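Here the structure is laid out as structure tokens; the discussion comes afterwards.
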Amino acid sequence: MKHIKTYNAMEVKHKNGAVIVEGPISPTELTNLEFHKELIAFRPSDQQHQALIEIAQLPEGRIIIVRDRNVIVGYVTFLYPDPLERWSQGNMKNLIELGAIEIIPKFREGGVGKALLEVSMMDDAMEDYIILTTEYYWHWDLKGTKLNVWEYRKIMEKMMSAGGLEYYATDDPEISSHPANCLMARIGERIDQESIQQFDSLRFINRFMY
């Protein structure tokens, strides 16, 4: 499958200053930009910066960033699912995962997260993919936001819906382990029925749970 990446950008006028939401960003551009020290949701900031550079080098890898002048203050990643996850079992070339999304506290709310998803989907090539995301409450910043799991999930669902992602049922054990966890996905306009059926079979591997 040919992976096409077309750059798009949007300015968001946030109460703490205007930021640029843009991408997909090249590995070189990512290397040359500073990476904010508060982007530590998944690993230390320097390691996360390096991880984004490596994802951007992948043929299917897409990084959309939030930029405050020359500093990355937020990002979202798209890439093939981890080989250890069920979503990779079908070896689908048109199935990619929204793997991580993070914004520093200063620029949360105010439409920045929504803009990340909107800019991501501006690229017509996204109509050739099924895009999925797995939301687990233990990745959420409940302490920093002072929200409970249901309040946070509502915010996540609203943000993901800005990119056209919808809730999908699944028998995945990790997702099923807590009612706040969920699978969301967006099926591109050019996805064929066979791919949709293959995605459905990945959602429900344990057939008896239909």
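Listing S120, S177, S161 from fewest to most neighbouring C-beta atoms within 10 Å gives S177, S161, S120.
With the simple spin-label model, which puts each label point 7 Å out from Cα in the Cβ direction, the H139 to V71 separation comes to 2.5 nm. For the range 118-210, the set of trypsin sites (Lys or Arg not before Pro) satisfying both a DSSP loop assignment and a count of at most 10 other C-beta atoms within 10 Å is given as K146. Scanning residues 5 or more positions from L95 or on other chains, those with amide H under 5 Å from its amide H are I130, with H placed 1.01 Å from N in the peptide plane.
Which residue, T6, G113, L98, has the largest displacement toward the positive end of the dipole of the chain when charges sit on each Cβ (Lys, Arg +1; Asp, Glu -1)? Farthest towards the positive pole: G113. Working from Cα pairs under 8 Å separated by at least six residues, relative contact order for the chain is 19 percent. Compute log10 of I(q)/I(0) for the range 8-88 with the Debye formula, placing one identical point scatterer on every Cα and leaving out solvent, at q = 0.11, 0.18, 0.25 Å⁻¹, to two decimals. For the range 8-88, the Cα-only Debye profile gives -0.30, -0.75, -1.25. Stretching S177 away from E157 to a fully extended chain increases their span by 5.3 nm, per 0.36 nm per residue minus the current alpha-carbon distance. Modelled this way, with points 7 Å down the Cα-to-C-beta line, the labels at I205 and Q193 are 2.7 nm from one another.
Between I72 and E34, F35, H36, the built amide H atoms are under 5 Å apart, and every one of these is 5 or more places off in sequence or on another chain. Rounded to the nearest Hz, the phi-derived 3J(HN,Hα) couplings of the range 34-41 under the Karplus curve 6.51 cos²θ - 1.76 cosθ + 1.60 (θ = phi - 60°) are 6, 10, 4, 5, 8, 8, 10, 5, where x marks glycine and proline.
Residues in the range 144-151 carry Karplus couplings, in order, of x, 8, 6, 9, 7, 4, 6, 5 Hz; the curve used is 6.51 cos²θ - 1.76 cosθ + 1.60 with θ = phi - 60°, and Gly or Pro positions show x. Across the range 92-106, coupling constants 3J(HN,Hα) worked out from phi with the 6.51/-1.76/1.60 Karplus curve, θ = phi - 60°, read 7, 6, 10, 10, 10, 10, 6, x, 7, 9, 8, 9, 5, x, 4 Hz, and Gly and Pro carry x. The residues packed around R108, meaning those with a beta-carbon under 14 Å from its beta-carbon, carry a net charge of 0 if Lys and Arg are +1 and Asp and Glu are -1.
Computed over the Cα atoms of the range 89-210, the ratio of the radius of gyration to the Kirkwood radius (Rg/Rh) comes to 0.98. Just the number: Rg to Rh for the chain, Cα atoms, Kirkwood Rh, two decimals. That ratio equals 0.95.
Hey, what did the range 82-135 get for relative contact order, percent, Cα under 8 Å, at least 6 apart? About 57 percent, as a whole number. Rounded to the nearest 20, the Cβ-based charge dipole of the chain about its Cα centre (Lys and Arg +1, Asp and Glu -1) stands at 600 debye. Alpha-carbon geometry of the range 168-210: the Rg and the Dmax are 11.6, 33 Å, given in that order.
Every read-out reported here was derived from the displayed coordinates using simple, explicitly stated rules and does not represent laboratory data. Everything numeric here is computed off the predicted structure, so don't read it as measured data. Note that each Cβ is placed from the backbone with ideal geometry, even for glycine, and that neighbours are counted across all protein chains shown.
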